[in-house]
Amino acid sequence: MTNQQLGRIGEDTAKAFLECKGYRILHRNFRCRAGEIDLVALKGRILHFIEVKTRQGDSYGHPAESITPKKLGCMKAAACSYLAAKGGQKMAFGQMQFDAIEIEINHIENI
């Protein structure tokens, strides 16, 4: 399985999880010059910019540990681009926040 396939599985899982929790997914894989935001979701009046990190096993630590200050800065710049791109649409939200979803897949054979 490639990293892209694994990432796609993680994003599909995160999307379904959030929808079950009452989030409305507004955009998936928003890309701009500043970077990418995996999921943009709305719950209540809070706009969430979400990074999904998926790993097979834990040999590289917890998935969210790979979100560096540089990555967070790129997410914030991408969020500004998202808001600018959607500026023509009336968006009813009161706050925004940056979230991460960790997904770990461990396959233990022959236990």
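The values are calculated or read from the model by the stated rules, or taken from the named source; none is laboratory data. If you're wondering where the values come from, they're calculated on a predicted model, not measured in any experiment. Using ideal geometry, Cβ is built from the backbone for each residue, glycine included, and neighbour counts are taken over all protein chains shown.
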Next on the checklist: Can you tell me which residue is surrounded by the most Cβ atoms within 10 Å (Cβ to Cβ) among those in the range 87-101 that are modelled with pLDDT of 90 or more and not aliphatic (A, V, I, L, M)?
Outcome noted: 99
Item to check | Residue tally, condition surrounded by fewer than 16 Cβ atoms within 10 Å (Cβ to Cβ) and among the hydroxyl-bearing types (Ser, Thr, Tyr), over the range 21-80 | outcome: 4
Item to check | Subset of the range 15-30 that is touching a residue at least 24 places away in the same chain (Cβ under 8 Å) and assigned to a strand (DSSP E or B) - its residue that is nearest to residue 71 (Cα to Cα) | outcome: 30
Checklist entry - Right, residue 84: among the small types (Gly, Ala, Ser), at negative phi and at pLDDT 90 or above or not? => result no
